[in-house]
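> My questions all concern the structure below.
The values are calculated or read from the model by the stated rules, or taken from the named source; none is laboratory data. All values reported here derive from a predicted model rather than from experimental measurement. Cβ: placed from backbone, ideal geometry, glycine included. Neighbour counts: every protein chain shown.
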Amino acid sequence: MDKPQYSFSRLDLYERCPWAYKTVYLDRIPRAKNDARETGQLLHGLVADYLNRLIATGQPTDWDWARGATPQEALADAVEMWSRFYETFALPQGLESPGVENRLAFDGNWQPCEFFSEEAYFRMVVDFHFRQDSLGVIVDWKTNREVPQTVA
């Protein structure tokens, strides 16, 4: 059997319904397409591309690029969430070691190793991370949670 893979979404599914977790991740029966999953995948890609662009150019925002990246055929929810994100997000200045979609793996002794190594005991993909002075920040984007309008 393959080594288990962990993520917030996988653990959340297991807590809500162990049978669904087994069906999807152990029995590998593909999930049916749904709008929420498609929206999440689309937004993860857009956000990753946008952050990589901001990091590379040193800009806090690039609304022109973000508007141009908005998919014409996307679901209305995805377009709204994307617009809310790029219109309210500014990459802070002075971030150290920013990274997007970085793969990390650790062996059984919690020592770093190659992501696809046989020794890998724990693997994860970090959506966005950076250091700011002595603070380390790890961000895991979620699109399936209801966010009050006052937060954005």
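> Going by what's in this entry, would Arg103 be described as within 30 Å of Trp19 (Cα to Cα) and in contact (Cβ under 8 Å) with a residue 60 or more places away in the chain?
For Arg103, the condition - within 30 Å of Trp19 (Cα to Cα) and in contact (Cβ under 8 Å) with a residue 60 or more places away in the chain - is not met.
> So, one more: Return the total of residues in segment 60-78 being within 25 Å of Gly99 (Cβ to Cβ) and surrounded by 14 or more Cβ atoms within 10 Å (Cβ to Cβ).
6
> Also, quick follow-up: Hey, does segment 77-85 have a residue that's among the β-branched types (Val, Ile, Thr) and modelled with pLDDT under 90? Spell out how you get there, then give the answer.
We begin by selecting, within segment 77-85, every residue among the β-branched types (Val, Ile, Thr); these are 79.
Filter again for modelled with pLDDT under 90, leaving none.
Within segment 77-85 (the criterion being among the β-branched types (Val, Ile, Thr) and modelled with pLDDT under 90), the answer is no, since none of the residues qualifies.
> Taking the condition over 29 Å from Leu13 (Cβ atoms), surrounded by 15 or more Cβ atoms within 10 Å (Cβ to Cβ) and in contact with a Gly (Cβ under 9 Å, 6 or more places away or on another chain), does Leu91 pass? Before you say what the answer is, go through the steps one by one.
Details: over 29 Å from Leu13 (Cβ atoms): yes; surrounded by 15 or more Cβ atoms within 10 Å (Cβ to Cβ): yes; in contact with a Gly (Cβ under 9 Å, 6 or more places away or on another chain): yes.
Spelling it out, Leu91 is indeed over 29 Å from Leu13 (Cβ atoms), surrounded by 15 or more Cβ atoms within 10 Å (Cβ to Cβ) and in contact with a Gly (Cβ under 9 Å, 6 or more places away or on another chain).
> Could you list all residues from segment 30-59 that are among the hydrophobic types (A, V, I, L, M, F, W, C) and surrounded by 11 or more Cβ atoms within 10 Å (Cβ to Cβ)? Talk me through it step by step, then tell me what you get.
Filtering segment 30-59 for residues among the hydrophobic types (A, V, I, L, M, F, W, C) gives 32, 36, 42-43, 46-48, 51, 54-56.
Within segment 30-59, Ala36, Leu42, Leu43, Leu46, Val47, Ala48, Leu51, Leu54, Ile55 qualify.
> Looking only at segment 81-94, count how many residues are outside any helix (DSSP H, G or I) and in contact (Cβ under 8 Å) with a residue 40 or more places away in the chain. Reasoning before the result, please.
In the first step, residues of segment 81-94 are kept if they are outside any helix (DSSP H, G or I); the result is 89-94.
Next, from what is left, pick out any that are in contact (Cβ under 8 Å) with a residue 40 or more places away in the chain: 91-92.
Going through segment 81-94 one residue at a time, the tally reaches 2.
> Where residues in segment 1-57 are among the small types (Gly, Ala, Ser) and in a loop (DSSP other than H, G, I, E, B), which of them is modelled with the lowest pLDDT? Break it down into steps so the answer makes sense when it comes.
Here is the first cut: in segment 1-57, the residues among the small types (Gly, Ala, Ser) are 7, 9, 20, 32, 36, 40, 45, 48, 56.
Filter again for in a loop (DSSP other than H, G, I, E, B), leaving 7, 32.
Numbers: Ser7: 74, Ala32: 77.
Looking at the filtered set, the residue picked out is Ser7.
Conditions tested, residue by residue: (1) more than 18 Å from the chain's Cα centre (by Cα); (2) in the same structural domain as Leu42 (by TED's automatic domain parsing); (3) closer than 23 Å to Leu42 by Cα.
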{"position": "Leu75", "(1), (2), (3)": "yes, yes, yes"}
{"position": "Val79", "(1), (2), (3)": "no, yes, yes"}
{"position": "Phe85", "(1), (2), (3)": "no, yes, yes"}
{"position": "Ala90", "(1), (2), (3)": "no, yes, yes"}
{"position": "Gln93", "(1), (2), (3)": "yes, yes, no"}
{"position": "Arg103", "(1), (2), (3)": "no, yes, yes"}
{"position": "Pro112", "(1), (2), (3)": "yes, yes, no"}
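> Picking from Glu101, Glu146, Glu114, which residue would you name as being at pLDDT 90 or above, assigned to a loop (DSSP other than H, G, I, E, B) and either touching a strand residue (DSSP E or B) at 6+ places or on another chain (Cβ under 9 Å) or over 20 Å from Arg10 (Cβ atoms) (or both)?
Details: Glu101 fails: assigned to a loop (DSSP other than H, G, I, E, B); Glu146 fails: at pLDDT 90 or above.
Criteria check complete, one pass: Glu114.
> Name the residue that is farthest from Ser9 (Cα to Cα), counting only residues in segment 117-130 that are in contact (Cβ under 8 Å) with a residue 60 or more places away in the chain and part of a loop (DSSP other than H, G, I, E, B).
Ala120
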